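Only one structure is covered here, and it is reproduced in the block below.
Coordinate-derived values only; no laboratory data. Being a predicted model, the structure only gives us computed values, none of them experimental. Cβ atoms come from the backbone with ideal geometry, glycine included; neighbour counts cover every protein chain shown.
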Amino acid sequence: MKIAYVASLGNPYFTGVCKKIEAQIAVWCSFPGIVVEPFVRAVNGLETPWEKTYLLKGAPALCHDSELLQDIKAFRPDVVYLRHEICGPQIISLLRAFPGKVVVEINADLDAELKLEARESLRRFVAYSLNKLTKRYFEKRVAATVCVASPLMSLFESLPAARKFLSPNAIDLRNHAVMKSVPDADTRKSLVFAGTPGQAWHGVDLLLPLARALPCYDFHIFGPSPLPDAPGNMIFHGYQPKEVLEQFYAQCHVGIGTLAAFRQGLAEASTLKVREYIAAGLPVILGYRDSAFLQSSPPWVLELSSQERLFEQEWAVEAVRDFVERNARRVVTHADSAQYIDASILEGAKIEQFRRWFAQEL
């Protein structure tokens, strides 16, 4: 089976997405009979691990790269695996060139995300409007979807349930060392929050009342811009490369995941950053239900309800305090986490689903 992996990376901060795609391809290629070729469009300034990428000279939804399409055709794929994006000229040409072969990976509710951002700028309003115009055309022409969270299974309504597959985000643990070391009992507690600038659903602003209520803890923020009314124990480091961030994990006690998924209309999600925390050995605090822990939640995960004023409520603050005190010296090993987040386990199930979907065509 030959798989063309197609993605558009329109944000220079999408290093985590690059790592995910790279890990997926590596795991898929380890299975007998599977050949995968990446066809990735990326903005200037984003470092990618592939020999060839296709330069995005504008918004992904408005750009069309003829060379990319011709290269995919020359590869002659059995499956085109597309990371969900707005259906612009590039995607329309892809759907026409490969009818019945396009599988879409859905990582978020794109409609809700674009609606949330539409008021921020004219460019984002145009993106929202284009998606609204072309989404039905897109949905009627895909062969199947792979969703990282169960609420996303309701998207693409024209597809039958048998053509939708739930597969939470995974990480290749072979490429991630456990960074955390057991800290001294009297060490000041440090919590880390890593996000992307300009992403309202990450919810860094929701940490303000928590940091004020827990002055004995330090909250280290990577990615989002400083908040003007942040207390002194919220320390903003700006955007940092992977190597700096991973080294910092060694000094931290607990990782904090996305807190405002509800701004996208989601109570359940499956984020890459949380998998990176866990792979580094950190217990995690989440403001949503994670798709990996629906069946059972290990003691090193705290899942809190997703709401705007979460940490203005005493019970939520006390839940965080109790969790940190119980887990500050805990190191989550790969043996602990593999069943929940390891790509070699979860991606194998996805490949078997591809074989079932496309058995007649091969």
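Some values worked out for this structure:
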{"item": "Summed residue charge, Cβ within 14 Å of Glu51's Cβ, Lys/Arg positive, Asp/Glu negative", "result": "-3"}
{"item": "Given (i) 16.2; (ii) 37.5; (iii) 17.5, the label whose value is mean projected area of the Cα convex hull in nm² derived from this model", "result": "(iii)"}
{"item": "Per-pair calculated FRET efficiency, R0 = 22 Å: Arg119 and Glu308 via Cβ, rounded to 0.05", "result": "0.80"}
{"item": "Where labels lie 7 Å past Cα in the beta-carbon direction, separation of Trp357 and Arg212 in nm", "result": "4.8 nm"}
{"item": "Region 173-340, relative contact order [Cα under 8 Å, separation at least 6], %", "result": "27 percent"}
{"item": "Placed amide H near His220: partners under 5 Å, 5+ positions off or other chain", "result": "Leu191, Val192, Phe193, Ile235"}
{"item": "Shape of region 173-340, Cα gyration tensor, a/c cut at 1.5", "result": "rounded"}
{"item": "Extended-chain gain in nm, criterion 0.36 nm per residue less alpha-carbon gap, Tyr137 and Ser154", "result": "4.4 nm"}
{"item": "Phi to ³J(HN,Hα) by Karplus 6.51 cos²θ - 1.76 cosθ + 1.60 over region 38-44, Hz, x for Gly, Pro", "result": "x, 10, 10, 8, 9, 6, 5"}
{"item": "Entries in Lys132/Lys242; Lys140/Lys350; Lys19/Lys115; Lys135/Lys242 that, when Cα-Cα distance is taken, lie over 25 Å", "result": "Lys132/Lys242; Lys19/Lys115; Lys135/Lys242"}
{"item": "Computed label-point distance, nm, for sites Asp322 and Thr187 using a 7 Å Cα→Cβ extension", "result": "2.5 nm"}
{"item": "Expected 222 nm ellipticity per residue - DSSP helices of 4 or more, -39500 (n - 2.57), all of the chain, to 500", "result": "-10000 deg cm²/dmol"}
{"item": "Phi-based couplings in Hz for region 45-57 (Karplus 6.51, -1.76, 1.60; Gly and Pro marked x)", "result": "x, 8, 7, 10, x, 9, 4, 10, 10, 10, 5, 7, 9"}
{"item": "Region 89-111-region 211-276 distance, computed between alpha-carbon centres (Å)", "result": "32 Å"}
{"item": "Ordering of 328-340, 119-131, 74-86, 248-260 by packing [mean C-beta count within 10 Å, highest first]", "result": "248-260, 74-86, 328-340, 119-131"}
{"item": "Hz values of 3J(HN,Hα) by residue in region 221-234 - Karplus curve (6.51, -1.76, 1.60), Gly and Pro given as x", "result": "10, 10, x, x, 5, x, 8, x, 9, 6, x, x, 8, 9"}
{"item": "Separation of the His334 and Val126 label points, Cα + 7 Å toward Cβ, nm", "result": "4.6 nm"}
